[in-house]
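The values are calculated or read from the model by the stated rules, or taken from the named source; none is laboratory data. Everything numeric here is computed off the predicted structure, so don't read it as measured data. Neighbour counts run over all protein chains shown; Cβ positions are idealised from the backbone, glycine included.
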Amino acid sequence: MSDDKEAAGRALLERLCGNGNAIDHFPERLRRHTLEHVFGDVWNGEDLALEERSLVTCTILTALAREPEQRFHFAAARRLGVPRAKLVEMIVHTAHYAGWPNAVGAMRSLNEVWPEQD
């Protein structure tokens, strides 16, 4: 594993969820790919701001109806300072392209990790 990319991946994971060791329970190969490639390389690219990457990821997870991962990434977006209103608008927009049931599930996920009254 590239020590630099692993360290960058752990630092980003810490920023996203408050726990740089959050995936240590993953099998070694999946943990390595996640830390080094996904968080250490892809998420650390230069052409999109971290908040933009977060919003793009949330949009994709909404379109694909990946509710467990939505909860992780909606909470991460909150930690990064993405406004809740922007996530709601993304869900409404995505409903028209990816389907109403996907949007309803995404709103359920968002409300679980970031209730409207917060």
Given the condition within 30 Å of D4 (Cα to Cα), of a type outside the set (V, I, T) and loosely packed, with under 14 Cβ neighbours inside 10 Å, answer yes or no: does some residue in the range 82-101 qualify?
no
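Each row is one residue, and each column tells you yes or no for (1) surrounded by 15 or more Cβ atoms within 10 Å (Cβ to Cβ); (2) modelled with pLDDT of 95 or more.
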position	(1), (2)
D3	no, no
E28	no, yes
L35	yes, yes
G40	yes, yes
E51	no, yes
T62	yes, yes
E67	yes, yes
Identify, by number, the condition in (1) surrounded by fewer than 19 Cβ atoms within 10 Å (Cβ to Cβ); (2) of a type in the set (D, E); (3) modelled with pLDDT of 95 or more that D118 doesn't meet.
(3)
Whether any residue in the range 9-16 is within 14 Å of the chain's Cα centre (by Cα), among the acidic types (D, E), surrounded by fewer than 16 Cβ atoms within 10 Å (Cβ to Cβ) and outside the structural domain of V82 (by TED's automatic domain parsing) is what I want to check.
yes
